[in-house]
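Please read the structure below before turning to the comments.
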Amino acid sequence: MRMHVRVIVTLLFATAVISGTVSAQSSDLDPRIVKLVAEISEERLEKILKRLESFETRNTLSSTTSSTRGIGAAREWILQEMQSYSSRLQVSFDVHQVAKQGRITRDVELRNVMAILPGRSPRRIYVSGHYDTVARPGGQGAANAAGAVRDPDAASPPPADPNAPLDNLAPGVNDDGSGTALTIELARVFSQSGIDFDATLVFMCHAGEEQGLVGARLHAQQAVAEKIPIEAILNNDIVGNDKGGSGIIDGATIRVYSEGPEDSPSRELARFVQRWGGRYVPSHRVRPMARPDRFGRGGDHSAYNQLGFTAVGFRESRENFTRQHDVRDTFEGISLPYLAQNARVNAASAATLALAPPPPGVMSERGQPMITRAPSGYDANLRWNASPGAAAYRIFWREAWGPDWEHELLVGNVTNIVLPNTQIDDYIFGVAAIDAQGHESFVTAYVAPPRANTAIRSSAGQ
Ligand SMILES: [Zn+2]
């Protein structure tokens, strides 16, 4: 018994020494983030959704000449709404000229609506949705029930006159008015929070999603060309309905999809959302999904992934396919409490990321993870690059079989640690950067790159 007490005291002392560089706050939660999350308003979300519905269609190929109907009126309203929140927000159209191709049945000027909240550093954290809509005869319900695996990129039947606007009714209140309203509401609470974020936050409403992620692809291409440092994208698409078409109701969970392979940055971002979303919004459960998206379905996060960016896709827990891509996608299909919970998880995650230092790099200049067995040959020796603004680091590890981190250890402002007699081959290791107030980055895992095949020459003949 006495032995036990001594061990515990020693451990407590060790923890205090290790965490000496992190300020003596009593909670993992930042009261400013708690306040920001609490600012999210169901009433505001309702007003935004009803306004988006009032445009009747927001199809990328719909009219741009009316001030009350079609995508032209919708994007103008989104721009002015976000401009009204704060002089700190830089709101603009992200304009692209798109030639006729695929489901874009005529040349069109596409405009994403983008609100930038500048931080101290140029690195960017995105919260996004798509404001364009589509409705087809039978909608997604008919497509799913037909049983065939549908090619999501298959072209729609050509319109009678390809140059006429596609102005059929397509309210899209859940797909993706919900993700758009969430993004607009976060632009409001972040820009009015008074918090001085380290990262630059971008609240992005994409267009052209329903024609093949066109607006997201164009923005991601531009980001590559202009070397814009996008660190993470939290994309929300169909996040406002809690009543599945099967009759099952689930308003207490949200799915977060991420592309692999295991321990890719997108997977680490999903784990981060589960960890920090869960801490600030314990009444909502984040379910990370170890796949890029649902079968046969796509979303804008994948457009960013395909160009090498770290991005995840939020999807409601139980979908009602009969309302998707259908004239029945109306405000009646929305649960405001559920949408607000999903907005809170996004807000907590984005705020924590934007206050934390960037995730540390763990790869050597030769492209190998900086993990060795030194000095004994049987130790876990981890090295990483210092992250700007970091005051400490947290090491994570787990068995090399299994999805969730099992152990964590706060270390000081160092860039190397040795875990004695720990076989590196048996565990997955990762490291996160932490600032002086305890804001944590997502984890960078130690992953060996795949080995190239070595072709063996035969001695028989040439
Ligand atoms: Zn969508």
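The values are calculated or read from the model by the stated rules, or taken from the named source; none is laboratory data. Just so we're clear, the structure is a prediction, and the values are computed from it rather than from any experiment. Quick reminder, even Gly has a Cβ in these numbers, built from the backbone with ideal geometry, and neighbours come from all protein chains shown. Heads up: the accessible areas ignore ligands, DNA and RNA and are worked out on the full protein's heavy atoms, side chains in. Shrake-Rupley method; radii C 1.70, N 1.55, O 1.52, S 1.80 Å.
Give me D for the stretch 288-362 in µm² s⁻¹, whole number, from Stokes-Einstein with Rh from the Kirkwood sum over alpha-carbon pairs, 10 °C and 1.306 mPa s. It would help to have the intermediate numbers written out before the result.
Values: Rh = 15.2 Å.
It comes out at roughly 105 µm²/s.
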Check: How many percent of Cα pairs in the stretch 380-462 exceed 15 Å?
Finding: 63
Check: Taking 0.36 nm per residue of separation and subtracting the Cα-Cα distance, what length does fully extending Val34 through Ala99 add?
Finding: 18.9 nm
Notebook entry, point to check: If eta is 1.567 mPa s and T is 4 °C, what Stokes-Einstein diffusion coefficient results for the stretch 70-119, Kirkwood Rh from Cα pairs, in µm²/s?
Noted result: 106
Check: What are the semi-axes of the equivalent ellipsoid for the stretch 44-84, taken as the square roots of 5 times the Cα gyration tensor eigenvalues, largest first, in whole Å?
Finding: 17, 12, 7
Notebook entry, point to check: How big is the charge dipole of the chain about its Cα centre, in debye rounded to the nearest 20, if each Lys and Arg gets +1 on its Cβ and each Asp and Glu gets -1 on its Cβ?
Noted result: 640
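Per 0.36 nm of contour for each residue apart, how much would the distance between Glu262 and Gln437 grow if the chain were fully extended, relative to their Cα-Cα spacing? Spell out each step's value before the answer.
On the way: separation 175, 0.36 × 175 = 63.00 nm, distance 2.99 nm.
Separation in residues times 0.36 nm, less the Cα-Cα distance, equals 60.0 nm.
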Item checked: Rotationally averaged projected area of the stretch 196-324 (alpha carbon convex hull; nm²) -> 8.9
Note to self: If you consider only alpha-carbon coordinates, what radius of gyration and Dmax does the stretch 199-263 have, in Å?
What the structure shows: 15.6, 47
Next item on the list: Please give, to one decimal in nm, the separation of the simple spin-label points placed at Ala400 and Ala145, each 7 Å out from Cα toward the Cβ.
Entry: 5.0
Check: Which value results for Rg/Rh of the stretch 157-217 when Rg is the Cα radius of gyration and Rh the Kirkwood radius based on the inverse mean 1/r?
Finding: 1.14
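Using a probe of 1.4 angstrom, how much of the accessible area of the chain is carbon and sulfur, in percent?
Numbers: 11470 of 21000 Å².
Roughly 55 percent, rounded to a whole number.
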Item checked: Net dipole in debye of the stretch 329-434 [+1 Lys, Arg Cβ; -1 Asp, Glu Cβ; about Cα centre; nearest 20] -> 420
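Under a 1.4 Å probe, what is the accessible area of the chain per residue, stated in Å²? Could the numbers behind the result be given before it?
Values: 21000 Å² over 462 residues.
Per residue, the chain has 45 Å² of solvent-accessible surface.
On full extension of the chain, what length is gained from Glu408 through Phe331, given 0.36 nm per residue of separation minus the C-alpha to C-alpha distance? Before the final figure, lay out each step's value.
Details: separation 77, 0.36 × 77 = 27.72 nm, distance 4.37 nm.
This chain segment gains 23.3 nm when fully extended.
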Checklist line | Lys/Arg +1, Asp/Glu -1 at C-beta; the stretch 45-103 dipole; positive extreme among Thr57, Ala99, Ala73 | finding: Ala99
Next item on the list: Using only the Cα atoms of the stretch 307-462, each taken as one equal point scatterer with no solvent, compute I(q) by the Debye sum, divide by I(0), and report log10 of the ratio at q = 0.13 Å⁻¹.
Entry: -0.78
Item checked: Share of pairwise Cα separations in the stretch 354-420, more than 20 Å, in percent -> 36
Next item on the list: Mind jotting down the three principal axis lengths of the chain based on Cα atoms? Whole angstrom, largest first.
Entry: 79, 74, 45
Check: If a helix is a whole DSSP H run, which ones in the chain reach 20 Å or further along their own axis (Cα) and hold a mean Kyte-Doolittle hydropathy of at least 0.0?
Finding: 2-18, 177-191, 336-355
